[in-house]
Amino acid sequence: AHINVIAAAEPELKAFLSVSATEALKTADEVDRRRAAGEELPEMAGVPVAIKDMIVTKGIETTAASRILQGWIPPYDATVVEKLKANLMPILGKTNLDEFAQGSSTEHSAYFPTHNPWDTERVPGGSGGGSACAVAAYEAPLALGTDTGGSIRQPGAFTGTVGVKPTYGGVSRFGAIAMASSLDQIGPVARTVLDAALLHEVIGGYDERDSTSIPEPTPAVVKAAREGQKMDLSGLKVGVVKELSGKGYEDVVSHNFEHAVELLKSMGAQVSEVSLPNASYAMPSYYVLMPSEVSSNLARYDGMRYGLRMMPPADVAQTSANMMAYTREAGFGSEVKRRILLGTYALSAGFYDKWYGSAQKVRTLIIRDFEKAFEKVDVLVSPASPTTAFKLGEELTDPMTMYLNDVATIPANLAGIPAMSLPMGLGNGLPTGFQIMAPAKHDDMMYKPAAALE
Ligand code: GLN
């Protein structure tokens, strides 16, 4: 059924870079066969998943929506993909994104932009616009995304889907193409909070192949979501983040946010305003730390090991250095180049302390802000994005405006805490997103109010 929806919707939406229908049907048939034979199968067996093309899949082309990886077929699966396969979940295909997950609209894909199913003249958000679009348009019931600064949650807000960034280290990053390793996290995209929790439990858990993987088991997020469905939040302390609402947020977003907070109160939650004094420095800190890590991580695309290789023209010396330069010039798009340049500058001798060192200090202050806030409240809430989905092309030539999309989502990445976005109603006919953040390793705490609200 999903493959039929994909066939009908893709010409207009373009959520997928590739569809693996034959493979998906094979897994589905295997599930049918084994179930008919009376075998006990995992709970999620047969539920198909779309995968952001930032996550490697054995035997399926993986490009990060970049020319530099065009044609690259990974020889191994990411840990999360192994887990999907172990649970007999068919893989529908690879979804579109901003090149190397850098962007907020999916327009920076080297191949084509993805359209928002609510209004195809608008963007689905980014970088995981493909996964969010596929789930919102019923092309897939579930998808995987990656979130470095908001790439699961902001597309969630723009498409009316549930997007979760788990605690840093809670889901293995082995096989996630690295963007900014200290911030990157794989997470679920779904249409309901319970669906997201079910996928979260499939992909979560310790992995010795990821050095930052945390040893504790995945928090009981499915149980928490089921609890939440009872819509009783008495005793839950909710903090509205002062710095992440109000000025700079579109009226419809603020209006729906206030309404959602009222709903939390009506279900018994104790709501207070909480300050994260350094939250306004999250963006500038992120735009030093993230490009620094990007410049380092993307140094591996040298024309030797993966994907594209461009030899210099005949009148240029045929050296390996020139080959690398021509490969990177042709293989990377403008946004990726901008970040490599920024990061290389921030890390260069003489500037390292001033830029990278200062940004790291700010990051520590933000982590402390959250620690203090969580002494007072159980979860923190804010809008997930300051605006509703904008029109294709509207922000493409203005990087600073594009970067502002993530003002509410970036603090959670800097602090490594879990955060999710869920639909909080329409504004001018477009979805808006509610963000819930919880203390590290307590992902379950955000699922309860999320399920209650929905
Ligand atoms: N939109 C943010 C950026 O451009 C976040 C990216 C992400 O989470 N991968 O960096």
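We did not get these values from a lab; they are worked out from the coordinates using the rules stated. Just so it is clear, the structure is predicted and the values come from calculations on it, not from any experiment. Cβ atoms come from the backbone with ideal geometry, glycine included; neighbour counts cover every protein chain shown.
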Over the chain: helical MRE at 222 nm, DSSP H runs n ≥ 4 each giving -39500 (n - 2.57), nearest 500: -11000 deg cm²/dmol
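Cβ neighbours within 10 Å, averaged per peptide: list 202-211, 42-51 in order, most packed at the top.
Numbers: 202-211: 17.1, 42-51: 21.5.
Those peptides, ordered most packed to least, come out 42-51, 202-211.
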Please state, as a whole number in µm²/s, the translational diffusion coefficient that the Stokes-Einstein equation yields for region 248-322 at 25 °C and 0.890 mPa s, with Rh defined as the Kirkwood radius across alpha carbon pairs. 135 µm²/s
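Regarding the chain, what whole-number volume in Å³ per residue does the convex hull of its Cα atoms give? Display every interim value, and only then the final one.
Values: hull volume 65.3 nm³, N = 454.
Considering the Cα atoms of the chain, their hull volume per residue is 144 Å³.
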Roughly speaking, what is the centre-to-centre gap between region 32-67 and region 1-21 when only Cα atoms are used, to the nearest Å? 16 Å
Taking neighbour Cβ counts within 10 Å as the exposure measure, how do 68, 367 sort from fewest upward? 367, 68
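Listed highest first by mean packing, meaning other Cβ atoms within 10 Å per residue, what order do 99-111, 215-227 come in?
Details: 99-111: 26.4, 215-227: 18.2.
Per-residue Cβ counts within 10 Å, averaged per peptide and sorted highest first, yield 99-111, 215-227.
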Once phi for every residue in region 351-358 is put through the Karplus expression 6.51 cos²θ - 1.76 cosθ + 1.60 (θ = phi - 60°), the whole-Hz ³J(HN,Hα) values, with Gly and Pro written as x, are 10, 4, 5, 4, 9, 4, x, 5
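On full extension of the chain, what length is gained from residue 40 through residue 311, given 0.36 nm per residue of separation minus the C-alpha to C-alpha distance? Don't skip to the end; give the middle numbers.
Numbers: separation 271, 0.36 × 271 = 97.56 nm, distance 5.45 nm.
Additional length available on full extension: 92.1 nm.
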Projected label distance in nm at residue 330 and residue 138, using a 7 Å step from Cα toward the beta-carbon: 4.4 nm
Hey, any idea what Rg/Rh is for region 133-229, computing Rh the Kirkwood way over Cα pairs? 0.96
In bins 10 Å wide, starting from 0, what share of all Cα pairs of region 197-345 does each bin hold, as a percent? 9, 18, 22, 24, 15, 8, 3, 0
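Please compute the length gained on full extension between residue 376 and residue 426, using 0.36 nm multiplied by the number of residues separating them and subtracting their Cα-Cα distance.
Values: separation 50, 0.36 × 50 = 18.00 nm, distance 3.12 nm.
Going from the current span to full extension adds 14.9 nm.
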Residue by residue through region 24-39, what is 3J(HN,Hα) from phi via Karplus (6.51 cos²θ - 1.76 cosθ + 1.60, θ = phi - 60°)? Round to whole Hz and write x for glycine and proline. 4, 5, 4, 5, 4, 4, 4, 4, 4, 4, 5, 5, 4, 7, x, 6
Using amide H atoms built 1.01 Å from N in the peptide plane, name the residues 5+ places from residue 441, or on other chains, whose amide H lies under 5 Å from its own. 167
Residue 352 versus residue 259, label points 7 Å from Cα toward the beta carbon: distance in nm? 5.2 nm
